[in-house]
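The values are calculated or read from the model by the stated rules, or taken from the named source; none is laboratory data. This is a predicted model, so every value here is computed, not measured. Because the Cβ atoms are built from the backbone with ideal geometry, glycine has one as well, and the counts that use them run over all protein chains shown. Each accessible area value is taken on the protein alone, full model and side chains, heavy atoms only, with ligands, DNA and RNA left out. Shrake-Rupley method; radii C 1.70, N 1.55, O 1.52, S 1.80 Å.
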Amino acid sequence: MTFVTHLECSYTGERYRAGEVHGLSAAGKPLLVHYDLGRIGKALTKKELTARHGGFWRYREFLPVSHEQNRISLGEVMTPLIRLKHTEEKLGARGGIIVKDEGRLPTGSFKARGLALAVSMAKELGLSHLAMPTNGNAGAAMAAYASAAGMKTTIFCPDDTPPVNVEEIALQGGDVYLVNGLINDCGKIVGEGKEKAGWFDVSTLKEPYRIEGKKTMGLELAEQLDWELPDAIFYPTGGGTGLIGMWKAFNELEAIGWIGRKRPKMIAVQAAGCAPIVKAFEAGEEHAPLWENAQTAAAGIRVPAAVGDFLILRAVRASGGYAMAVAEEAIFEARDRIAREEGLLLCPEGAATFAAYEQSLKEGRISTSDRVVLFNCATGLKYPMPPVSKFIDRAKPVDYSQFK
Ligand SMILES: *Cc1c(COP(=O)(O)O)cnc(C)c1O
């Protein structure tokens, strides 16, 4: 049982039938899933929802999977909201700085949300071989959920993807290849192989269901904040699925009367070495041209071109938010400082959101009275960390004065 009515091209509004395999629309744009929200509002109460246990499958009425046996689960949790108390005090941030730590999900990143839905829908629609280009986390999540569903995966990564990501993909059953190029180059191989290798393309926003999984971040955040959305959300933006998904979640929640009209400022954070959305935002454009020579160690946001660019830009603008680039050094300085002072190890992409928050305070774009949510989208443990070389030679007397 599902509340889906149909799918719609996000650019032209052209309608598509539910229950069939879909990629992009005829116009080459992402398809979005539409629901009978009136019926969802009658079928489910806030109280019933809050009483349920577990992670994002709790929001099943808002999701497209019909049959329970197709809901693939690896033990998802509701990810915690963590206050940066020391930092709040230091900055005088009365409104509160809240990190939503998505690193607690299966495979260590929020890609689990999107890929659990994409894989579950692929299963429901009878697909058996999935392929994607990935900077690491998406591939790991797809391999894990597809293996759990008994499906085959073929995965292409840029050849400088962190080894831990490539290795976890392989261990979790993905047939993974390194490519001497960036994620869009890997995407070309996946696109071309559709006919020749017979796989289904699960690239970001090139099928309609990853975004439905990412939407659960918005549902979950609203529920955790007792249906009172924050003043601003800082989101590390690559393909933008999460930002678009949360925006969709807020609109669906308003349509069923669970929240009001208030929306957070949606702030798309990118790295200075790969900031196509920031450039388009500042130029007042609707689309973001390919960013040449994309460079940043925050692999999840090293996305030179996004099919959903116009959807990201529309949500950011409609929310009264903005797009902001942060310097590479600021990302790692923020990661190191938050780890040391708060005991919270952010991934570089998550650290970028904190750097953007600090920069926004300095520039007066955000106030200390604003309640802000920063998205930490993966566990910091998956990324290279500064080496440690301090050494004790136990054959010599230990100089205890050094530990004071
Ligand atoms: C994929 C990814 C992002 C970007 O997410 P989008 O929703 O595709 O923009 C950010 N951070 C990490 C760690 C990621 O894996």
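Structure data summary
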| quantity | calculated |
| --- | --- |
| Which numbered condition residue 32 misses (of (1) part of a strand (DSSP E or B); (2) open to solvent by less than 10 Å² (accessible area, probe 1.4 Å); (3) within 30 Å of residue 190 (Cα to Cα); (4) within 16 Å of the ligand (Cβ to nearest atom)) | (2) |
| Every residue from the stretch 171-190 that is open to solvent by less than 70 Å² (accessible area, probe 1.4 Å), over 22 Å from the mean Cα position of the chain (by Cα) and not acidic (Asp, Glu) | 173, 179, 181, 189 |
| Residue 7 being in contact with a Pro (Cβ under 6 Å, 6 or more places away or on another chain), surrounded by 18 or more Cβ atoms within 10 Å (Cβ to Cβ), of a type outside the set (Asp, Glu) and more than 25 Å from residue 234 (Cα to Cα) | yes |
| Filter result for residue 318 (under 22 Å from residue 249 (Cβ atoms) and more than 16 Å from the ligand (Cβ to nearest atom)) | yes |
| Single condition residue 160 does not satisfy, out of (1) without any contact (Cβ under 8 Å) to a residue 24 or more places away in the chain; (2) surrounded by 24 or more Cβ atoms within 10 Å (Cβ to Cβ); (3) not aromatic (Phe, Trp, Tyr) | (2) |
| Pair list, Cβ under 6 Å, 6 or more apart: the stretch 311-328 residue open to solvent by 10 Å² or more (accessible area, probe 1.4 Å), other residue assigned to a helix (DSSP H, G or I) and not hydroxyl-bearing (Ser, Thr, Tyr) | 311/244; 325/278 |
| Spans of helices (runs of 4 or more DSSP H) in the stretch 199-293 with at least 1 residues over 23 Å from residue 18 (Cβ atoms) and open to solvent by 10 Å² or more (accessible area, probe 1.4 Å) | 210-224, 276-283 |
| Yes/no for residue 373 being more than 14 Å from the ligand (Cβ to nearest atom), at pLDDT 95 or above and closer than 24 Å to residue 238 by Cβ | yes |
| Residue within the stretch 298-314 that is of a type in the set (Lys, Arg), within 16 Å of the ligand (Cβ to nearest atom) and within 23 Å of the chain's Cα centre (by Cα) present | yes |
| Complete set of residues in the stretch 93-107 that are touching a Leu at 6+ places or on another chain (Cβ under 7 Å) and in contact (Cβ under 8 Å) with a residue 60 or more places away in the chain | 97, 98, 99, 100 |
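A quick yes/no check of all residues on (1) crowded, with 18+ Cβ neighbours inside 10 Å; (2) more than 27 Å from residue 19 (Cβ to Cβ); (3) away from the ligand (no atom under 16 Å from the Cβ); (4) charged (D, E, K, R):
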site	(1), (2), (3), (4)
56	yes, no, no, no
105	yes, yes, no, no
113	yes, no, no, yes
141	yes, no, no, no
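Let's see how each residue does on (1) closer than 19 Å to residue 358 by Cβ; (2) in contact with a helix residue (DSSP H, G or I) (Cβ under 6 Å, 6 or more places away or on another chain); (3) hydrophobic (A, V, I, L, M, F, W, C):
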{"site": "309", "(1), (2), (3)": "no, no, no"}
{"site": "312", "(1), (2), (3)": "no, yes, yes"}
{"site": "318", "(1), (2), (3)": "no, no, yes"}
{"site": "322", "(1), (2), (3)": "yes, no, no"}
{"site": "328", "(1), (2), (3)": "yes, no, no"}
{"site": "339", "(1), (2), (3)": "yes, no, yes"}
